[in-house]
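Chemist: Structure incoming, see below.
The values are calculated or read from the model by the stated rules, or taken from the named source; none is laboratory data. All of these numbers come straight from a predicted model, not from anything done at the bench. Cβ: placed from backbone, ideal geometry, glycine included. Neighbour counts: every protein chain shown. Side chains included, ligands, DNA and RNA excluded: accessible areas come from the protein's heavy atoms. Shrake-Rupley method; radii C 1.70, N 1.55, O 1.52, S 1.80 Å.
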Amino acid sequence: MDVSEPSQVLACVVSRSSLYGCFREDQYDDPRMIVLKDMIQHGDAKEVSIGDDGVLQMQGQLCVTNVDRLREFILEEAHSLRYSIHSGVVKMYQGLRQHYWWRRMKKDMVEYVARYLNC
């Protein structure tokens, strides 16, 4: 990303802020995430934590709900980036798992990439 222009930097910051807001808000609407948050409060969760920004994390990765098609949005963005050159499931998974976590993540990626014949 070329961030030489101030407007691009601002767009990046605003975009990230709103995405984090989506994570935080959607986690309160997902029953599985609510259970994980309760486990944290009772000290029963070892791998799960709540970050300083209030977003639930699994071993440092953001927990992604399926509320409002947030997972689909992340997959679309990762697959469509002009620098990714439709890298396929393995590279896409390796890149996204550094930042995000959800149950069946790899299976969802396989199903998503399978829709595109050129990957």
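Chemist: For the stretch 22-32, check the following and say yes or no: at least one residue is within 11 Å of the chain's Cα centre (by Cα), at pLDDT 90 or above and surrounded by 12 or more Cβ atoms within 10 Å (Cβ to Cβ).
Modeler: No.
Chemist: Follow-up question, since we're still on this one. With the requirement that a residue be modelled with pLDDT of 85 or more and not polar (S, T, N, Q), what does the stretch 60-69 give you?
Modeler: So the first thing to find is which residues in the stretch 60-69 are modelled with pLDDT of 85 or more, and the list is 60-65.
Correct list: Gly60, Leu62, Cys63, Val64.
Chemist: From the residues in the stretch 44-60 that are in contact (Cβ under 8 Å) with a residue 12 or more places away in the chain and in a loop (DSSP other than H, G, I, E, B), which one is surrounded by the most Cβ atoms within 10 Å (Cβ to Cβ)?
Modeler: Taking the candidates together, the pick is Val55.
Chemist: Can you give me the number of residues within the stretch 89-111 that are touching a helix residue (DSSP H, G or I) at 6+ places or on another chain (Cβ under 6 Å) and at pLDDT below 85?
Modeler: Residues in the stretch 89-111 being touching a helix residue (DSSP H, G or I) at 6+ places or on another chain (Cβ under 6 Å) and at pLDDT below 85: 2 in total.
Chemist: Among the residues of the stretch 61-73 satisfying the criterion of being in contact with a strand residue (DSSP E or B) (Cβ under 8 Å, 6 or more places away or on another chain) and not in a loop (DSSP other than H, G, I, E, B), which is most open to solvent (accessible area, probe 1.4 Å)?
Modeler: Only one residue tops the list, namely Gln61.
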